[in-house]
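Notes follow the structure.
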Amino acid sequence: MPKAQETLLEIDLKALEHNVTYLKSIINPATKFMAVVKSYAYGNDAAEIAKFLENLHVDYFAIAYTYEGEQLRTAGVTTPILVLHPQSVSFNSLITKHLEPNLYSLKILKEFIETAKQLKLKHYPVHLKFNTGLNRLGFSENDIPEILSVLKATDTVKVASVFSHLGASEDLNEKTFTLNQIKAFKNYSEKLLAGLLYKPLLHMCNTSGIINYPEAHFDMVRSGIGMYGFGNSDLENTHFKPITTLKTVISQIHKIKKGDSVGYNRGYICNTPLTTATLPLGHADGIGREYGNGKGFVAINGQKAPIVGNTCMDMIMVDITNIDCQEGDEVIVFGDYPTAEMFAATANTISYELLTGLSQRIKRVILR
Ligand SMILES: *Cc1c(COP(=O)(O)O)cnc(C)c1O
């Protein structure tokens, strides 16, 4: 790979394949695999990644909003797509693109059936989500009799799957909580299935759930962060290869005298002479102000260069006083070192937020 001469997000499809192969190796061969590609495949590039994953024969895709699914269909993706968080205003576009809604409340279930009746649909695949303790989205146990009576009164929809979401699958101190979620899901889905004449798929596990709770794999698992190269612990991380490297370049070097300052609002006052490098990357790219003032650091020739002063919209300045480097040299924001997790931790956040917050204006480069 030639050295970066501008800010680039490199996406390594070989690493993606490695991660998917690993995840598939720890599930039963009969268990289906749903690839979660919401939010531009966690900040990467949803269309490129989904098309690559389609060739690896994943069974399902999941995205959060209808619009994301429309984009995948426009890119030519034909695999079934679950919309995790649809709103009724988008049902017509959802159906036009043959996307499959998660119906999480009686209100949205009835609204979808109303639309399905108007469009004279038959057995349209829908997914029902139960709340088992995350208290975010999903039916409760008390809704089951009414769900069943609503479903029995129509043949417009067919339940393709019943699912739930774990709230603390990465945290083994919360094992009791998680086991209770699994127990509740078994109980609710059994009650629901007892009233249906067919058997939908059951699924519950995200990446950490796949690793920590094999007893909860059911018929399908859903992975996002693991495919992109991260677990939720150091141990999990050993199985994964990060697929994303954010690179940039040194635009200019400044030698700054003692007493002078760097950046907006004189964010950094030099107590000693300082050498800085200015990089074309800022809060508009997703490297927020919380990384400024010495918290975040990048790597130049493998050495740590802390961010000096405030993060600007399109630039950051880093301390290179003790680093041998020149204008035009490549800079690693995150990749092998620092990792995205290390970088995110400097601003008290997690790889999920860092990756999904990367702006679309950063050029994506796909390594095949
Ligand atoms: C985002 C999401 C996932 C993927 O979780 P990871 O921890 O990234 O594997 C799975 N299921 C649901 C419902 C989600 O919202």
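The values are calculated or read from the model by the stated rules, or taken from the named source; none is laboratory data. Note that the coordinates shown come from a computational prediction; the quantities given were computed from them, not determined experimentally. Every residue, glycine among them, receives a Cβ derived from its backbone with ideal geometry; neighbour counts consider all protein chains shown. All accessible areas refer to the heavy atoms of the entire protein, side chains included, with ligands and DNA or RNA removed. Shrake-Rupley method; radii C 1.70, N 1.55, O 1.52, S 1.80 Å.
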query: Any chance segment 171-186 includes a residue that's away from the ligand (no atom under 16 Å from the Cβ), open to solvent by 10 Å² or more (accessible area, probe 1.4 Å) and under 21 Å from F33 (Cα atoms)?
result: yes
task: Please work out if E6 is farther than 26 Å from N131 by Cα, assigned to a strand (DSSP E or B) and of a type in the set (D, E, K, R).
output: no
message: Just the residues that are within 9 Å of the ligand (Cβ to nearest atom) and surrounded by fewer than 22 Cβ atoms within 10 Å (Cβ to Cβ), please, taken from segment 217-230.
response: G224
- request: Could you tell me which numbered condition Y198 fails, if it satisfies all but one of (1) more than 16 Å from L103 (Cβ to Cβ); (2) within 16 Å of the ligand (Cβ to nearest atom)?
  value: (2)
query: Only one residue in A35, A64, A46, A75 is at pLDDT 95 or above, within 30 Å of E330 (Cα to Cα) and either in contact with a strand residue (DSSP E or B) (Cβ under 9 Å, 6 or more places away or on another chain) or assigned by TED's automatic domain parsing to the domain that holds P214 (or both). Which one?
result: A46
message: Every residue in segment 1-51 that is within 16 Å of the ligand (Cβ to nearest atom) and basic (K, R), please.
response: K24, K32, K38
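Results for (1) in contact with a strand residue (DSSP E or B) (Cβ under 9 Å, 6 or more places away or on another chain); (2) more than 19 Å from G43 (Cβ to Cβ); (3) surrounded by fewer than 16 Cβ atoms within 10 Å (Cβ to Cβ), shown as yes or no for each residue.
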{"site": "I250", "(1), (2), (3)": "yes, yes, no"}
{"site": "N265", "(1), (2), (3)": "no, yes, yes"}
{"site": "G292", "(1), (2), (3)": "yes, yes, no"}
{"site": "I300", "(1), (2), (3)": "yes, yes, no"}
{"site": "Q303", "(1), (2), (3)": "no, yes, yes"}
{"site": "V308", "(1), (2), (3)": "yes, yes, no"}
{"site": "C325", "(1), (2), (3)": "yes, yes, no"}
{"site": "G335", "(1), (2), (3)": "yes, no, no"}
{"site": "Y352", "(1), (2), (3)": "no, no, no"}
query: Out of all the residues in segment 155-165, is one or more open to solvent by 20 Å² or more (accessible area, probe 1.4 Å), in contact (Cβ under 8 Å) with a residue 40 or more places away in the chain and over 22 Å from the mean Cα position of the chain (by Cα)?
result: yes
message: Of the residues E114, E100, only one is more than 21 Å from K51 (Cα to Cα), acidic (D, E) and either in the same structural domain as G209 (by TED's automatic domain parsing) or open to solvent by 30 Å² or more (accessible area, probe 1.4 Å) (or both); which?
response: E114
- line: Scanning segment 104-148 for residues that are basic (K, R) and closer than 21 Å to T178 by Cα gives K129, R136
